[in-house]
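Working notes for the structure below.
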Amino acid sequence: MSIRLYIGNLPQAFDNQELDGLLKSVGEGIRFKAVLDRETGSCRGFGFANVEDPKVADAVIEQLNGKDFGGSTLRVERSERRENNAGGNRRGAPAAMGAGQPQVARKTVNKVVHSDAPGEGAPDPRWAGELSKLKDLLGNQTTAV
């Protein structure tokens, strides 16, 4: 199974052959495809590379992440698969086609949702979780009076 890598922060006008050469200098079996804007046909600044060998994928990340390319600092990392939307994928295939295949575990991220205008008397939602923890810690303390 191939490993999909996200390659971002590409310059607006870059030479695809130059990037392919850079990828081939790391290892063989790397296929890159830039994501293009539908209206203009120009690169949107990122793309995806498919790598067959996990060791080569790790080498690509290690050697190219943070490297200067055409005046931009590349961002290279493993790509996470999208979850299906409303029973199908973005190409309209039914979700049942993927049934029985193992799901890729997604890393847990504690996302903070905030509003620009918190309600009166309510704590800032960006800090609500931390305030709740602090309140619990203070509530569990016992002191002799």
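The values are calculated or read from the model by the stated rules, or taken from the named source; none is laboratory data. It should be emphasised that the depicted structure is a prediction, and the values quoted were computed from it without experimental measurement. Note that each Cβ is placed from the backbone with ideal geometry, even for glycine, and that neighbours are counted across all protein chains shown.
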| message | Just to verify a result, which residue in the range 8-33, among those that are in contact (Cβ under 8 Å) with a residue 60 or more places away in the chain and within 18 Å of the chain's Cα centre (by Cα), is surrounded by the fewest Cβ atoms within 10 Å (Cβ to Cβ)? | response | N9
| note | Here the residues within the range 17-52 that are in contact with a Gly (Cβ under 6 Å, 6 or more places away or on another chain) and more than 18 Å from L74 (Cα to Cα) are E52
| Within the range 54-61, is even one residue surrounded by 13 or more Cβ atoms within 10 Å (Cβ to Cβ), of a type outside the set (D, E) and within 20 Å of G71 (Cβ to Cβ)? | no
| said: One residue is enough: does the range 1-16 have a residue meeting the conditions over 17 Å from T73 (Cα atoms) and in contact with a Phe, Trp or Tyr (Cβ under 6 Å, 6 or more places away or on another chain)? | reply: yes
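Out of curiosity, is L5 crowded, with 16+ Cβ neighbours inside 10 Å and part of a loop (DSSP other than H, G, I, E, B)?
Details: crowded, with 16+ Cβ neighbours inside 10 Å: yes; part of a loop (DSSP other than H, G, I, E, B): no.
So L5 fails the test.
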| field | Condition check for L36: surrounded by 15 or more Cβ atoms within 10 Å (Cβ to Cβ) and aliphatic (A, V, I, L, M) | value | no
| remark: Residues of the range 1-17 being modelled with pLDDT of 90 or more, on the phi < 0 side of the Ramachandran plot and not hydroxyl-bearing (S, T, Y), in sequence order, are I3, R4, L5, I7, G8, L10
